[in-house]
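Note sheet for the following structure.
No lab work stands behind these numbers, since they all come straight from the coordinates. It should be emphasised that the depicted structure is a prediction, and the values quoted were computed from it without experimental measurement. Methodologically, a virtual Cβ is constructed for each residue, glycine included, from the backbone with ideal geometry; neighbour enumeration extends over all protein chains shown.
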Amino acid sequence: MIKQQTMHIGLDDTDSTRKGCTTYVAALLVEKLEKLSVKFLDYPNLIRLNPNVPWKTRGNGALCLRIEHDEGLEDQIKEATIDLVEEQADLSFKGTDPGIVFFKKAEIPEEAKTFAKDAITGIVTLREAMKLIRRFEGEALGFNTCRGIIGALAAVGETLADDHTYELIAYRLPENCGLKRKVDEASIFEMDELTRPHTFNNVDSEKGRVIITPRGPDPILFGIRGETPEIVKKAFGLVKPLEPVERWVIFRTNQGTDAHLKRAVTLNRLEPFNSVIVAGVVSRNPRIIPLRHVIFSIKDESGEVDCAAYEPTGALRKVARQLIIGDNVEVYGAVRKPSQGKPLTINLEKINILALAPKTVLENPVCPKCGKRLKSMGRDQGFRCEKCGTRFGDIRKVAVDVKRELKAGLYVTSTRSQRHLTKPLRRYGLEKQSAAEGMIETWHFP
Ligand SMILES: [Zn+2]
């Protein structure tokens, strides 16, 4: 009997704005490893990291393959991985800093899990990553600045033991990359109808647009997100591609789980580059700034911050516009550090309206004699009844409640501006508490 070994292979940052995608490298690696007869312990994990790190503009996703293999194959597996990254990564591009981590512990240690959570919600350093890798006798390989090692280790450390989702990604032939994507749009709307609520972020209903196809030169034709491997595979069967699909893989991921958000106790504890959930009372009425962005302020006993709903947030922006001083809210979003005279600002992803303040307007009182609404005679000049002519020097305007159009509850940014990690409304109530046992038989092609 040949001794079996476990290996977790973490990959990050092989892509650039002009080519590639780390999920594609993982897809190719799946096929290579399968030829070496390894056993996959899980679907490839696609881990989205903190979307606010200043050096990342794209999806910030890292990958981990978890396998069991014959003891003698270790070197071949490592070589296959390194060769593939060298061949696929856009190494000459400034800002592409690939990293590979080989982690050979069967159980992922708590410290690595904590490191992953920190990389998803905040900022971690390469030094911390290297310290952990050494401590647990892992191996790391980095290119350029080596920053990709951080994400590679974070992908290893995030075991998706709680809430998670799946994404089936279909890839294009290399010769089609850069050309317009050809997929039958009507079939995507139909797929959404037939699989909802168990798939999500297929279409933007506000704009009537499909959003499973990315833009840009990467090799992804489309990706379908959903609750189970079965449903994303079924949905894939319903979508009609109008160009060849070179390959597809089902990933298990933290997308759509709000994993990036951390609850902050008070407003003075917010840190730039983190994503937070924090409660406060509206302290400045919404104002519309150029480009149709809406800004309002909230405060608690510790401080005050601005909250911004940018134009692409769509429905969320409309909600923000209707808030008034005194409304009790919980806001979700990324903390942006103060700059150019602007205070600390939360870029909103969601608003949970806990309680609406009464909205009142001041009206002139009615005449106690004949019931007609009185006329003001000017500031502090009292009122006069136009019907009976009586003057009243010492009565004031009265506050009258106005109905609020807004309702309490949770509001989410429009589908097209949701981050990979944002939990969409459709997923509420479908959250998972544990990882599923076993895998479906065919989870990738070829
Ligand atoms: Zn009167």
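Scaled against 2.2 N^0.38 Å for its residue count N, the alpha carbon radius of gyration of the range 82-194 is 1.37. Here is the P(r) of the range 400-446: all C-alpha pair distances, binned every 5 Å from 0, give 4, 12, 13, 13, 15, 15, 11, 6, 4, 3, 2, 2, 1, 0 in whole percents. The P(r) of the range 1-152 has a tail past 20 Å containing 44 percent of all C-alpha pairs. Mark the label point 7 Å from the Cα of A399 along Cα→Cβ and return the residues of the range 331-373 whose backbone N is within less than 17 Å of it. Output list for this probe position: 356-365.
So what is log10(I(q)/I(0)) for the range 360-446 at q = 0.12, 0.15, 0.25 1/Å, when the Debye sum runs over its Cα atoms only? These q points yield log10 I(q)/I(0) values of -0.64, -0.77, -1.17. Of the GluC sites (Glu not before Pro) found in the range 284-343, the ones in coil according to DSSP and having at most 10 other Cβ atoms within 10 Å of their Cβ are E301.
Over all distinct Cα-Cα pairs of the range 181-236, the Kirkwood formula returns a hydrodynamic radius of 11.6 Å. Positive-end ranking of M439, V402, H420 along the dipole of the range 368-446, with charges on Cβ about the Cα centre, is headed by V402. The range 16-45 and the range 140-173 have their alpha-carbon centroids 11 Å apart.
Projecting the Cα atoms of T195, G216, L173 onto the charge dipole of the range 168-246 (Cβ charges, centred on the Cα centre) puts G216 farthest toward the positive pole. Calculate how steeply helix 110-121 sits against the longest principal axis of the alpha-carbon atoms of the chain, using the helix alpha-carbon long axis, and give the answer as 0 to 90 degrees to the nearest 10. Value to nearest ten degrees: 50.
Charges at C-beta only: +1 for Lys and Arg, -1 for Asp and Glu. How large is the resulting dipole of the range 29-187 about its Cα centre, in Debye rounded to 20? Please report the intermediate quantities before stating the final value.
Values: 22 positive and 28 negative charges, 139 e Å.
Roughly 660 debye, rounded to the nearest 20.
Taken about its Cα centre, the range 293-393 carries a charge dipole of about 780 debye when Lys and Arg each add +1 at the Cβ and Asp and Glu each add -1 at the Cβ.
Taking all pairs of different Cα atoms in the range 69-123, averaging 1/r and flipping that mean, what Kirkwood radius in angstroms comes out?
By the Kirkwood definition, the hydrodynamic radius is 13.9 Å.
Please build a GNM for the chain, connecting alpha carbons under 10 Å apart, and tell me which residue among P174, P290, P44 fluctuates the most. Comparing P174, P290, P44 in the GNM, the peak value goes to P290.
Summarised in one figure, the compactness ratio Rg/Rh of the range 305-377, Cα atoms and Kirkwood Rh, is 1.26. Checking every one of the trypsin sites (Lys or Arg not before Pro) in the range 66-141 against DSSP loop status and a limit of 16 other Cβ atoms within 10 Å picks out K94, K104, K105. Its Kirkwood hydrodynamic radius, worked out from the mean inverse distance over all distinct Cα pairs, puts the range 258-344 at 13.2 Å. Looking at the range 28-93, the pairs of alpha carbons with a distance over 16 Å make up 57% of the total.
Could the peptides 185-192, 333-340, 143-150 be put in order, highest first, of the mean number of other beta-carbon atoms found within 10 Å of their residues? Spell out each step's value before the answer.
On the way: 185-192: 17.2, 333-340: 15.5, 143-150: 22.1.
Descending mean neighbour count gives 143-150, 185-192, 333-340.
Would you work out the charge dipole size for the chain about its Cα centre, treating the Cβ of every Lys and Arg as +1 and the Cβ of every Asp and Glu as -1, and quote it to the nearest 20 debye? Please report the intermediate quantities before stating the final value.
Values: 69 positive and 60 negative charges, 690 e Å.
About 3320 debye.
Label-to-label distance for F445 and A315 is 3.3 nm, based on points extended 7 Å past Cα in the beta-carbon direction. What translational diffusion coefficient, to the nearest whole µm²/s, does the chain have by Stokes-Einstein, given a Kirkwood radius computed over alpha-carbon pairs, a temperature of 4 °C and 1.567 mPa s viscosity? Result for D is 53 µm²/s.
Between G223, G178, G72, the Gaussian network model of the chain with springs among Cα atoms under 10 angstrom shows the greatest mean-square fluctuation at G72.
What FRET efficiency, computed as 1/(1 + (r/R0)^6) with R0 = 41 Å and r the Cβ-Cβ distance, is obtained for K32 and L291, rounded to the nearest 0.05?
On the way: r = 47 Å, r/R0 = 1.15.
Once rounded, the FRET efficiency stands at 0.30.
When the chain is treated as a GNM with alpha-carbon contacts under 10 Å, the residue of R396, R225, R317 showing the greatest mean-square fluctuation is R396.
Using just its DSSP H runs of length 4 or more, each adding -39500 (n - 2.57), the chain gives a mean residue ellipticity at 222 nm of -6000 deg cm²/dmol after division by all residues.
On full extension, the segment bounded by R416 and Q433 gains 3.4 nm, given 0.36 nm per residue less the C-alpha separation. The angle between the Cα long axis of helix 148-157 and the longest principal axis of the Cα atoms of the chain comes to about 90 degrees, rounded to the nearest 10.
Over the range 97-136, the pair-distance histogram of Cα-Cα distances with 10 Å bins from zero comes to 24, 62, 13 percent, rounded to whole numbers.
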